Protein chains: 2
Amino acid sequence: MQRTLVKDALAAAAACDALLLQGWVRTRRDAKTFSFIELNDGSCLKGIQVIADSSLPDYAHIEKLATGAAISVRGRLVPSQGQGQKWEVVAESITVVGEADATYPLQKKGHSLEFLREIAHLRPRSNLFGAVFRVRSRLAYAIHRFFQERSFVYVHTPIITASDAEGAGDMFRVTTLDLEAPPKDADGRVDATQDFFGKKTFLTVSGQLEAEIFACALSNVYTFGPTFRAENSNTSRHAAEFWMIEPEVAFCDLDGDMTLAEEFVKYLIRDVREHCAADLEFFGKFVDKELLPRLDFVLEKPFVRCSYTEAVELLEKSGRTWEHPVAWGANLQAEHERFLTEEHFKCPVTVYNYPRAIKAFYMRANDDCAPGRETVAAMDLLVPGIGEIIGGSQREERLEKLRAGMALHHLDEKSYAWYLDLRRYGTVPHAGFGLGFERMLMFVTGVGNIRDVIPFARTPGTAEF
Amino acid sequence: MQRTLVKDALAAAAACDALLLQGWVRTRRDAKTFSFIELNDGSCLKGIQVIADSSLPDYAHIEKLATGAAISVRGRLVPSQGQGQKWEVVAESITVVGEADATYPLQKKGHSLEFLREIAHLRPRSNLFGAVFRVRSRLAYAIHRFFQERSFVYVHTPIITASDAEGAGDMFRVTTLDLEAPPKDADGRVDATQDFFGKKTFLTVSGQLEAEIFACALSNVYTFGPTFRAENSNTSRHAAEFWMIEPEVAFCDLDGDMTLAEEFVKYLIRDVREHCAADLEFFGKFVDKELLPRLDFVLEKPFVRCSYTEAVELLEKSGRTWEHPVAWGANLQAEHERFLTEEHFKCPVTVYNYPRAIKAFYMRANDDCAPGRETVAAMDLLVPGIGEIIGGSQREERLEKLRAGMALHHLDEKSYAWYLDLRRYGTVPHAGFGLGFERMLMFVTGVGNIRDVIPFARTPGTAEF
């Protein structure tokens with residue numbers, strides 16, 4: 001007999017005389033002549049109630065089943081007499097597949113998130129983490145659907161790279177050299193020419209520059225892959241390994257880029273609201289009471305667009321005392337971003353046209369800037385509760401202006417010869433952005449620590465499992 | 001005006017008075033009072049013909065446009081009078097967005113694949129590589145669709161790992177230590193406790209063991225992410241960085257695993273046959289004349305299942321002389337696999353129940369084996385032209401048998417405590433497999449070198465772009 005998933009049994013249109021359910025015991029309680037078993041198989045948040053009559057063969061074994069045990073149940077799907085469930089299962093046979101004894105760490109009582117991180121191999125069996133990882137999966141799928149429905153081509157940019165894409169933070173070195181006795185060159189320095197790739201290599205921090213190559217051939221592309229930062233920062237929002245989505249669009253300017261980012265964020269929220277309704281209700285109940293109103297609010301109205309210069313004026317006029325002083329030319333800090341999105345506008349805000357000096361070399365220089373007020377066509381999308389969730393820009397497509405940007409950032413043209421070629425041959429205006437996948441997942445689940453939305457988080461000092 | 005993609009214009013249901021096309025000039029030829037421009041934007045293989053009349057403003061510029069130049073065309077979509085195309089565009093204005101001069105490396109003439117690898121930043125603009133990367137994208141999406149439609153949960157297993165999953169080949173070290181002057185411990189050895197994660201870390205070779213964790217909680221899961229091998233092998237089928245898909249299914253045995261693998265492969269072929277028809281026809285014409293018949297043949301009938309022991313008998317009885325001798329207990333080599341799938345059965349073959357000694361510790365021991373003929377519930381799916389494309393197994397779910405397997409392979413139980421826990425608490429039969437994404441892509445495109453199906457291939461000595 002084919003296995004039926006619990007989620008399909010719970011959503012059944014009609015009763016059924018014979019079905020096979022397989023999963024794990026969440027709870028069991030005894031009545032006089034039978035046992036109630038809540039069976040969960042991870043296919044959805046809810047378990048299904050199984051009624052095991054004492055006349056069943058092996059009942060002596062069944063009535064000792066503990067939380068965590070694996071069982072196979074054959075029986076009938078019948079309308080439930082209990083509250084809050086449409087169907088239950090009257091067992092005709094129950095096979096104990098795998099026992100769990102009293103040392104099973106996931107007993108009914110609540111556990112701290114810190115403890116659950118230590119047993120990351122068992123936590124997906126809990127309500128919270130089952131829900132998180134189902135939503136993670138659906139969110140990833142929604143990302144692909146969004147882009148594929150719009151004729152974007154998915155590109156796998158390299159993980160191992162010899163270039164430091166944007167000088168964007170510390171990188172992990174990748175090597176096959178023997179660290180105990182690395183080969184040395186004539187100057188007594190480690191000889192990278194003898195490394196696997198014949199040069200120094202690192203883990204990528206962004207696939208953007210390579211995505212631009214593909215946008216300049218296939219028009220609309222996106223990446224979705226792991227990226228890395230070797231930053232020694234132990235915060236609830238940073239991990240050394242995380243997934244990032246980077247669309248890149250040919251014949252697109254900053255305005256089109258901001259529109260795409262807004263449509264994207266709304267599509268993702270709408271998708272998980274629809275497809276993970278029960279899991280999101282769980283988060284709204286037990287993780288963050290404001291979650292569902294906040295998500296629905298984001299869907300309702302257009303995001304505000306506010307230039308960096310306007311944002312600085314708003315912050316200056318706010319009358320607040322800032323920990324980090326506000327001044328044109330300085331980066332916006334978390335406190336400023338939170339003020340804009342949570343207090344002033346009370347909705348998602350796209351801040352655009354940032355000072356050139358604090359942004360990357362590849363961002364497109366805006367024309368007609370006042371002297372000392374040079375800006376680039378960059379944008380950051382800020383959302384309540386999280387802050388920056390998307391960062392993007394129109395890229396500099398003009399060869400000579402790109403060269404000027406590289407000189408400004410002290411970059412060596414030789415290392416970027418191929419990137420300059422994109423401007424030499426059939427150059428086009430193009431733009432893109434990056435979305436941190438885990439930031440988005442935190443936003444749609446309300447979960448506050450990035451360690452709790454990654455199956456096995458990599459943070460300073462931690463690479464377990 | 002909104003941009004229309006060439007593929008949408010070519011598939012239009014009716015003529016249209018005003019549309020905007022943007023892309024790159026593939027060819028241009030002159031007639032008396034007008035120019036024909038073939039415009040391609042990467043959205044599909046074919047370009048669309050644009051007719052530029054000499055009365056257009058800026059015609060002096062337009063009639064000098066060279067291959068590779070970027071243009072914006074406003075005009076009317078009208079029925080084509082030429083052969084082989086339904087629609088063409090009569091330009092009402094053409095804007096030159098980016099020029100390409102005679103140094104543009106992708107002129108009309110054919111180029112060798114080796115040369116195109118050197119200009120990997122431009123090759124996606126060619127017919128062949130445009131097609132390869134569109135199919136790559138669709139194949140990736142089809143993989144997600146297959147699993148999501150079947151209620152599988154997508155899991156991101158870690159890229160950086162402290163464990164050598166199966167002892168499956170050489171690994172890349174990941175470190176932030178200064179290779180010139182690494183910190184040393186009391187014994188004078190490199191002190192890995194001072195590395196970023198407080199221990200030695202590597203790039204993953206497989207996410208299987210972590211996927212098992214999730215299958216034992218959510219029932220049906222799959223991974224799809226990059227994996228790495230630091231093997232110094234320069235062949236047409238090996239890359240140091242490649243993508244792998246690893247489904248893992250709870251309450252599933254080897255038989256169910258083989259069925260899933262067969263359904264999966266057929267689904268993927270059917271999907272790209274349908275959604276990338278023009279690109280696949282191009283491959284069938286210019287890359288491999290046998291491609292389309294081979295793919296259709298694979299769809300038509302059930303794959304053969306053949307035990308390892310039967311396979312060895314077939315090879316022995318074949319009367320062939322083998323480079324690698326055939327004997328029960330030895331691994332099947334490429335020549336043996338090719339004989340089985342290409343000559344003997346002439347269709348895809350799943351070989352199962354391999355000798356225990358040559359397979360990984362986690363594979364389930366078959367009961368009732370003859371002494372000296374111990375086997376495990378492993379399977380390899382072989383396809384014509386490629387050889388092994390999928391490798392999988394039922395996993396050992398019995399705690400004591402798993403321990404015996406670990407002892408046999410000299411593995412330290414302490415490093416696998418969490419893996420053993422899965423057998424201590426609610427253990428269930430489960431099975432899964434791995435599909436090399438690029439191998440599958442080579443199979444469906446007929447492209448013979450893995451370097452030509454990866455945007456930027458990483459192989460020994462090569463990490464360009």
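The values are calculated or read from the model by the stated rules, or taken from the named source; none is laboratory data. All values derive from a computational prediction rather than experimental measurement. Using ideal geometry, Cβ is built from the backbone for each residue, glycine included, and neighbour counts are taken over all protein chains shown. For accessibility, only protein heavy atoms count, side chains too; no ligands or nucleic acids. Shrake-Rupley method; radii C 1.70, N 1.55, O 1.52, S 1.80 Å.
The figures follow:
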quantity: Residue check, B:SER72 assigned by TED's automatic domain parsing to the domain that holds B:LEU21, of a type in the set (Gly, Ala, Ser) and modelled with pLDDT under 95; calculated: no
quantity: Output for the stretch A:419-438, where each listed residue is assigned to a helix (DSSP H, G or I), farther than 13 Å from B:ARG125 by Cβ and touching a residue at least 60 places away in the same chain (Cβ under 8 Å); calculated: A:TYR419, A:PHE437, A:GLU438
quantity: Residue in the stretch A:52-71 that is nearest to the other protein chains (Cβ to nearest Cβ), counting only those that are buried (at least 19 other Cβ atoms within 10 Å of the Cβ) and assigned to a strand (DSSP E or B); calculated: A:ALA70
quantity: Among (1) surrounded by 15 or more Cβ atoms within 10 Å (Cβ to Cβ); (2) assigned to a loop (DSSP other than H, G, I, E, B); (3) at negative phi - the single one A:PHE36 does not satisfy; calculated: (2)
quantity: Residues of the stretch B:192-233 classified as outside any strand (DSSP E or B) and either closer than 27 Å to B:PHE437 by Cβ or at the interface with another protein chain (Cβ under 10 Å from one of its Cβ atoms) (or both), total; calculated: 29
quantity: Every residue from the stretch B:13-30 that is open to solvent by 40 Å² or more (accessible area, probe 1.4 Å) and either charged (D, E, K, R) or more than 19 Å from B:ASN127 (Cα to Cα) (or both); calculated: B:ALA13, B:ALA14, B:ALA15, B:CYS16, B:ASP17, B:ALA18, B:ARG26, B:ARG28, B:ARG29, B:ASP30
quantity: Residue within the stretch B:284-297 that is part of a loop (DSSP other than H, G, I, E, B), assigned by TED's automatic domain parsing to the domain that holds B:ASN220, under 21 Å from B:MET440 (Cα atoms) and open to solvent by 70 Å² or more (accessible area, probe 1.4 Å) present; calculated: yes
quantity: Tally, over the stretch A:408-448, of residues that are under 28 Å from A:ASP255 (Cβ atoms), open to solvent by 10 Å² or more (accessible area, probe 1.4 Å) and of a type in the set (Gly, Ala, Ser); calculated: 2
quantity: Boolean, A:GLU88 is out of contact with any strand residue (DSSP E or B) (no Cβ under 6 Å at 6 or more places or on another chain), of a type in the set (Asp, Glu) and at pLDDT 95 or above; calculated: no
quantity: Verdict on A:THR103 being among the β-branched types (Val, Ile, Thr) and in a loop (DSSP other than H, G, I, E, B); calculated: yes
quantity: Sole residue being part of a helix (DSSP H, G or I) and either open to solvent by less than 20 Å² (accessible area, probe 1.4 Å) or at the interface with chain A (Cβ under 10 Å from one of its Cβ atoms) (or both), chosen from B:ALA120, B:ALA140; calculated: B:ALA140
quantity: Number of positions in the stretch A:376-393 that are touching a residue at least 24 places away in the same chain (Cβ under 8 Å), in contact with a helix residue (DSSP H, G or I) (Cβ under 6 Å, 6 or more places away or on another chain) and under 17 Å from A:PRO429 (Cβ atoms); calculated: 3
quantity: Matching option when the condition is among the hydroxyl-bearing types (Ser, Thr, Tyr), within 14 Å of another protein chain (Cβ to nearest Cβ) and either within 26 Å of B:LYS109 (Cα to Cα) or over 39 Å from the mean Cα position of the chain (by Cα) (or both), among B:THR27, B:THR33; calculated: B:THR27
quantity: Options A:GLY68, A:GLY75, A:GLY98; residue that is farther than 26 Å from B:ARG423 by Cβ and out of contact with any helix residue (DSSP H, G or I) (no Cβ under 7 Å at 6 or more places or on another chain); calculated: A:GLY75
quantity: Selection status of A:THR375, buried (at least 20 other Cβ atoms within 10 Å of the Cβ), of a type in the set (S, T, N, Q), more than 14 Å from every other protein chain (Cβ to nearest Cβ) and out of contact with any Ser or Thr (no Cβ under 6 Å at 6 or more places or on another chain); calculated: yes
quantity: Any chance A:PHE361 is more than 25 Å from the chain's Cα centre (by Cα) and either loosely packed, with under 13 Cβ neighbours inside 10 Å or in the same structural domain as A:LEU260 (by TED's automatic domain parsing) (or both); calculated: yes
quantity: The one condition in (1) more than 8 Å from every other protein chain (Cβ to nearest Cβ); (2) in contact (Cβ under 8 Å) with a residue 60 or more places away in the chain; (3) not aliphatic (A, V, I, L, M) that A:GLN83 fails to fulfil; calculated: (2)
quantity: Which listed residue, of A:TYR267, A:TYR308, A:TYR352, is among the hydroxyl-bearing types (Ser, Thr, Tyr), over 22 Å from A:SER137 (Cβ atoms), open to solvent by 20 Å² or more (accessible area, probe 1.4 Å) and at pLDDT 95 or above; calculated: A:TYR352
quantity: Positions within the stretch B:76-117 being among the aromatic types (Phe, Trp, Tyr) and surrounded by 16 or more Cβ atoms within 10 Å (Cβ to Cβ), in sequence order; calculated: B:TRP87, B:TYR104
quantity: Any hit, the stretch A:381-393, residues being open to solvent by 30 Å² or more (accessible area, probe 1.4 Å), in the same structural domain as A:LEU441 (by TED's automatic domain parsing) and of a type in the set (S, T, N, Q); calculated: no
quantity: Residue in the stretch A:444-465 that is nearest to A:ASP296 (Cα to Cα), counting only those that are more than 8 Å from chain B (Cβ to nearest Cβ) and in a loop (DSSP other than H, G, I, E, B); calculated: A:GLY446
quantity: Extreme residue, farthest from the other protein chains (Cβ to nearest Cβ), among residues of the stretch B:234-257 that are surrounded by fewer than 22 Cβ atoms within 10 Å (Cβ to Cβ) and in a helix (DSSP H, G or I); calculated: B:ASP255
quantity: Residue ID - most open to solvent (accessible area, probe 1.4 Å), chosen from residues in the stretch A:1-12 that are of a type outside the set (Gly, Ala, Ser) and within 18 Å of B:SER151 (Cα to Cα); calculated: A:GLN2
quantity: Residue match in the stretch B:280-297 (condition: at pLDDT 95 or above and within 14 Å of chain A (Cβ to nearest Cβ)); calculated: no
quantity: Selected residue (criterion: farthest from the other protein chains (Cβ to nearest Cβ)) from residues of the stretch A:97-117 that are touching a residue at least 24 places away in the same chain (Cβ under 8 Å) and of a type in the set (Gly, Ala, Ser); calculated: A:ALA102
quantity: Criterion: among the acidic types (Asp, Glu), assigned to a loop (DSSP other than H, G, I, E, B), in the same structural domain as A:SER393 (by TED's automatic domain parsing) and open to solvent by 60 Å² or more (accessible area, probe 1.4 Å) - qualifying residue of A:GLU323, A:GLU316, A:GLU343, A:GLU281; calculated: A:GLU323
